[in-house]
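Engineer: Below is a structure I'd like to ask you about.
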């Protein structure tokens, strides 16, 4: 009697949707690694010039890193997106406190922008918890990998100038 080899028929395997999701996850993982590397380099440079971010570690799944600005509900931010990047003073307290703080700082806008060396973006929107005083780099973002050193240097310079321009007013905020 001659036996034929067993024949196996695959009854289940990765679905078309599963393969698509797997590809998306790999794409996100690669993007996370790029962001992690961008922020690792940025924080290394930043920490060589200022102590504002000395206790901060990058996270690849975020497009930002922040550090406390010395008062609850205030933080310094580095943010990078696909084709642009910025630094912020991030106000994220309760609505009443944010409004008071923003108005106090905005009343000093001329002095603050003079100390910073150029106009800033004053971003306050009603019914939104977060508000920002920010400055954008004009060089590029995470997709502009050949420009990363220039972008990172510009962001660190902008953050140092922003902190210096705002620091005299932060202690007196409610």
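Engineer: Output the number of the condition that residue 58 fails; it satisfies all remaining conditions of (1) out of contact with any strand residue (DSSP E or B) (no Cβ under 7 Å at 6 or more places or on another chain); (2) at pLDDT below 95.
Structural biologist: Residue 58 satisfies every listed condition except (1).
Engineer: What number of residues within the stretch 132-150 satisfy the criterion of being in contact (Cβ under 8 Å) with a residue 60 or more places away in the chain and either buried (at least 17 other Cβ atoms within 10 Å of the Cβ) or touching a strand residue (DSSP E or B) at 6+ places or on another chain (Cβ under 7 Å) (or both)?
Structural biologist: Going through the stretch 132-150 one residue at a time, the tally reaches 3.
Engineer: Name the one entry in 164, 129, 109, 100 that is loosely packed, with under 13 Cβ neighbours inside 10 Å and either without any contact (Cβ under 8 Å) to a residue 12 or more places away in the chain or over 14 Å from the mean Cα position of the chain (by Cα) (or both).
Structural biologist: 129
Engineer: Tell me, please, whether a residue that is under 16 Å from the mean Cα position of the chain (by Cα), over 22 Å from residue 53 (Cβ atoms) and surrounded by fewer than 20 Cβ atoms within 10 Å (Cβ to Cβ) can be found in the stretch 77-95.
Structural biologist: Checking the stretch 77-95: at least one residue is under 16 Å from the mean Cα position of the chain (by Cα), over 22 Å from residue 53 (Cβ atoms) and surrounded by fewer than 20 Cβ atoms within 10 Å (Cβ to Cβ).
Engineer: Moving to a separate point now. Hey, among 155, 162, 173, which residue is in a helix (DSSP H, G or I) and either over 15 Å from residue 39 (Cβ atoms) or out of contact with any helix residue (DSSP H, G or I) (no Cβ under 8 Å at 6 or more places or on another chain) (or both)?
Structural biologist: 162
Engineer: Take the stretch 46-67 and flag every residue that is surrounded by fewer than 15 Cβ atoms within 10 Å (Cβ to Cβ) and outside any loop (DSSP other than H, G, I, E, B).
Structural biologist: Listed by number, the residues that qualify are 48, 49.
The values are calculated or read from the model by the stated rules, or taken from the named source; none is laboratory data. Model, not experiment: these values are computed from the prediction. Methodologically, a virtual Cβ is constructed for each residue, glycine included, from the backbone with ideal geometry; neighbour enumeration extends over all protein chains shown.
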